[in-house]
Amino acid sequence: MVGSWWSALRPAPAINTVAPPVEDWSTFVARDYAFDAFPSGSRVLDVGFGRGMQMRALAARGCRPLGIEYDPALAVSGARDGLTVCRASSEQLPFADASLDGVVCKVVILLTDEARSVAEVARVLRPGGTARISYHGIGYSLRYLMVDPNWKRKIYALRTIVNTAVYRLTGRRLPGFLGDTLFQTTRRLQRYYRACGLELIEQHPSRRFAGAPVFIYHTVRKLAGR
Ligand SMILES: C[S@@+](CC[C@H](N)C(=O)[O-])C[C@H]1O[C@@H](n2cnc3c(N)ncnc32)[C@H](O)[C@@H]1O
């Protein structure tokens, strides 16, 4: 019931006196980075489309969105919603070489074998095609480690840091849930880009935590002749 007598007795909510819960990332997200900034008519793949937000934004701009998703339930629900999607992994995209104008990949590569996923993005892009990708920087894990009172999230962050160190040394993730996420660095990503013929054309600024990037936003272009 709105406007009941007791609501008038409740104290007014304090403004700006309570720190936001640490799992709230909204102030760290770069809202001015447009994942859907592709010319109308472009054939654009959303890798790990989740609930299809980017695909709908692409369609609204006149693009022709396609999506792949690893989670079977999300893949089914995307298809049920009328999106052109299938179940697949970013590490093995079911598309021919150089068949797409663009790729969107928002917070997915950290859950995969990052080198293989980046190479797959490069393979399916046509020369001159672009990908708009976001990653987690180490600032994401540091925030959990340093200010989150929840020990489960601290362990998750520690696991991410250890798993990333192992991945860098061996090229493999730890088994099972131990290896579920990685953080990325622009330096390491640049190595993958060079190896598969991608060129970094925009590094969008991200807010930092403890001096380290929380999210990383890259726009990359497929070089001709690769
Ligand atoms: C953090 S969510 C992001 C979803 C969506 N991109 C968005 O921004 O709303 C990560 C998504 O990646 C998917 N995913 C995880 N591993 C994947 C893989 N190997 N290939 C494709 N998608 C994957 C998950 O199922 C999940 O939907």
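Bear in mind these aren't lab numbers, they're just calculated from the coordinates by the rules spelled out. Every value quoted in this text rests on a predicted model; they were computed, and no experiment measured them.
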Response to the item:
Per GNM of the chain with C-alpha springs under 10 angstrom, the most fluctuating residue out of Arg173, Arg188, Arg116 is Arg188
Discussion item. If N is the number of residues in the chain, what value comes out of its Cα radius of gyration divided by 2.2 N^0.38 Å?
Written reply: 1.15
Worksheet entry | Segment Leu200-Ile161, extension gain: residue separation times 0.36 nm, minus the distance between their alpha carbons | 11.6 nm
Worksheet item: Using alpha carbons only, how many degrees (0 to 90, rounded to 10) separate the axis of helix 186-196 from the longest principal axis of the chain?
Response: 20
Discussion item. If I take every Cα pair under 8 Å that is 6 or more residues apart in the range 138-183, average their sequence separation and divide by the length, what percent do I get for the relative contact order?
Written reply: 34
Discussion item. Whole angstrom only: what separates the Cα centroid of the range 60-110 from the Cα centroid of the range 42-57?
Written reply: 6
Worksheet, complete the sentence: tail above 17 Å in the computed P(r) of the range 138-183, as % of all Cα-Cα pairs, reads 29
